[in-house]
1. Which far-off residues, 5 or more places away or on another chain, put their amide H under 5 Å from the one on A167, with H placed in the peptide plane?
2. Roughly how far apart, in whole Å, are the Cα centres of the stretch 65-89 and the stretch 207-257?
3. Starting from the Cα of M35, step 7 Å along the direction of its Cβ; do the same at A73; then give the gap between the two resulting points in nm.
4. How charged is the neighbourhood of W11? Take every other residue with its Cβ under 10 Å from the Cβ of W11, and add Lys/Arg as +1 and Asp/Glu as -1.
5. Probe radius 1.4 Å, ligands and nucleic acids ignored: give me the carbon and sulfur share of the accessible area of the chain as a rounded percent.
6. What ranking, highest mean first, results for peptides 111-120, 67-76 when packing means the other Cβ atoms within 10 Å averaged over each residue?
7. For P(r) over Cα pairs in 10 Å bins from 0, in percent, which listed value, (1) 7, 22, 27, 26, 14, 4, 0; (2) 7, 31, 35, 22, 5, 0; (3) 7, 33, 38, 20, 2, 0, comes from the coordinates shown?
8. In the stretch 1-100, what is the volume of the convex hull around the alpha carbon atoms, normalised per residue and reported in Å³?
Amino acid sequence: MAKRPWIGTSWKMNKVRAEARAYAEALKTSPLVGMAAARLFVVPPFPYIADVAGILDGSGVMVGAQNMHWADAGAWTGEVSPLMVRDCGATLVEIGHSERREHFGETDDSVARKVEAAMRHGLLALVCVGDTRAEYAAGETAVVLARQVRAALSRIEPPQATGVLLAYEPVWSIGEGGTPADPGFADEQQRLVKAVTREAVGRELDVLYGGSVNPGNAVGLASRPHVDGLFIGRSAWTAEGYLGIVRDVTESLGRPD
């Protein structure tokens, strides 16, 4: 049976409304969207979630938020609640990205609280975990990932874990100038992450790879046995770039060995 990968992208702090709508319209009209060969999602900035979700409604493409608070309401100036995320039409929420951890004080505890809130409101939680360059150089990748994964799952009951995806994003690999992880190395880390989830919640959770994914390495990464999909950055910031990777990956995985 062919693998059915997750293939998604976060736009981070990019695009204005017209660009967001044009991207969504391009996806909606593509024959690649809605097919059974992959599970697709896009994560726009907060102001455009409702626009993008409205355009993609019924297309099969999931729409997500890039972050959220763990509280349903309250005096949290500048924050967005799970209720607001759902009300805008999102069904997925990205949690714990390394940029949130590094620049905005995100901790293992706050990640766990947000995962708990996502489960409470029926949102699919895409939890990002990753090692820094120093941790990688010190050979501590597996230890760091195990700590982050256990923390992320610590506040939910095992049956709720069906609503959690993980994305291994090496901090040294993401962003402009990042170094793509060797597919074999990435696959091994994702095997270890799956083992941790099995110990923590009694089942292996899907683990995506993110970090300098591009048209040249997407197929090689997605074809690895423990890579359940791709979380793409700048290479998917145009609809054409995103759909090109979707096409290449699904065509490759659909071919018989």
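1. Close amide H contacts, sequence-distant or interchain: V127, C128, V129, L208.
2. Cα centroid of the stretch 65-89 versus Cα centroid of the stretch 207-257: 30 Å apart.
3. 4.5
4. Working: positive: K12, K15, R234; negative: E19.
Around W11, the charge tally is +2.
5. Numbers: 5980 of 11400 Å².
Carbon and sulfur: 52 percent of the exposed surface of the chain.
6. Numbers: 111-120: 22.2, 67-76: 14.8.
In decreasing order of mean packing, 111-120, 67-76 become 111-120, 67-76.
7. The value matching this structure is (3).
8. Details: hull volume 11.2 nm³, N = 100.
Spelled out: Cα convex hull of the stretch 1-100, divided by residues, is 112 Å³.
The values are calculated or read from the model by the stated rules, or taken from the named source; none is laboratory data. Keep in mind that this is a model prediction, so the values were computed, not measured. Virtual Cβ from ideal backbone geometry, glycine too; neighbours counted across all protein chains shown. In case anyone asks, the SASA skips ligands and DNA or RNA and just uses the protein heavy atoms, side chains included. Shrake-Rupley method; radii C 1.70, N 1.55, O 1.52, S 1.80 Å.
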